[in-house]
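Below: the structure, in structure tokens.
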Amino acid sequence: QVQVVESGGGSVQAGGSLRLSCVVSGDIESVVTMGWHRQLPRNPSERELVATITSTGSTYYPNDMKGRFTISRDIAKNTIYLQMNQLRIEDTGVYYCRLTTRRRSGGLDEHWGQGTQVAVSS
């Protein structure tokens, strides 16, 4: 069993910063990627991608996420982070951590945390 636990959310004023953390544990066979997604009030049916980091440390950000968000990892702590700067009111939402692993058979599994709330106010 795999556990994915996010932390670090909270309330902040516009222009402020937060750093989210995600710790993974359990029976993890082979990590492919880890990433952060978010669910916004204006689109509750979607978990939009914020950033990903591969097992080799390569990072990817969608164009509209570049510049204010930075994903990083600490392998020794089985943890990834999301540094969020210059936060805007529209960044308010629930932020989820995702771990994608590969089974010995070759198939992929996704493991999600329960999410951490970020609230940005004016």
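Kindly establish whether Thr79 is at pLDDT 95 or above and more than 18 Å from Thr101 (Cα to Cα). The answer is no for Thr79. Any residue at all in the range 48-56 that's farther than 20 Å from Leu108 by Cβ, open to solvent by less than 30 Å² (accessible area, probe 1.4 Å), of a type in the set (S, T, N, Q) and modelled with pLDDT of 95 or more? Taking every residue of the range 48-56 in turn, none turns out to be farther than 20 Å from Leu108 by Cβ, open to solvent by less than 30 Å² (accessible area, probe 1.4 Å), of a type in the set (S, T, N, Q) and modelled with pLDDT of 95 or more.
Of all residues in the range 82-110, exactly one satisfies the criterion of being at pLDDT 95 or above, in a strand (DSSP E or B) and open to solvent by 90 Å² or more (accessible area, probe 1.4 Å), namely Glu110.
Can we say Arg73 is more than 24 Å from Val120 (Cβ to Cβ) and in contact (Cβ under 8 Å) with a residue 60 or more places away in the chain? Taking the combined requirement at face value, the residue does not satisfy it. Residues of the range 76-112 that are over 19 Å from Val24 (Cα atoms), charged (D, E, K, R) and without any contact (Cβ under 8 Å) to a residue 60 or more places away in the chain: Glu90, Asp91. Taking residues in the range 1-30 that are touching a residue at least 40 places away in the same chain (Cβ under 8 Å) and over 19 Å from Arg104 (Cα atoms), and partners anywhere that are of a type in the set (D, E, K, R) and open to solvent by less than 60 Å² (accessible area, probe 1.4 Å), the pairs with Cβ atoms closer than 6 Å and at least 6 places apart or on different chains are Cys22/Glu6. Looking only at residues in the range 66-76 that are under 18 Å from Thr101 (Cβ atoms) and open to solvent by 60 Å² or more (accessible area, probe 1.4 Å), the one that is nearest to the chain's Cα centre (by Cα) is Arg73.
The values are calculated or read from the model by the stated rules, or taken from the named source; none is laboratory data. Only a predicted model underlies this, so the values are computations on that prediction, with no experimental measurement involved. All Cβ positions, even for glycine, are placed from backbone atoms using ideal geometry, and neighbour counts span all protein chains on display. Side chains are part of the model used for accessible areas, which takes the heavy atoms of the whole protein and leaves out ligands, DNA and RNA. Shrake-Rupley method; radii C 1.70, N 1.55, O 1.52, S 1.80 Å.
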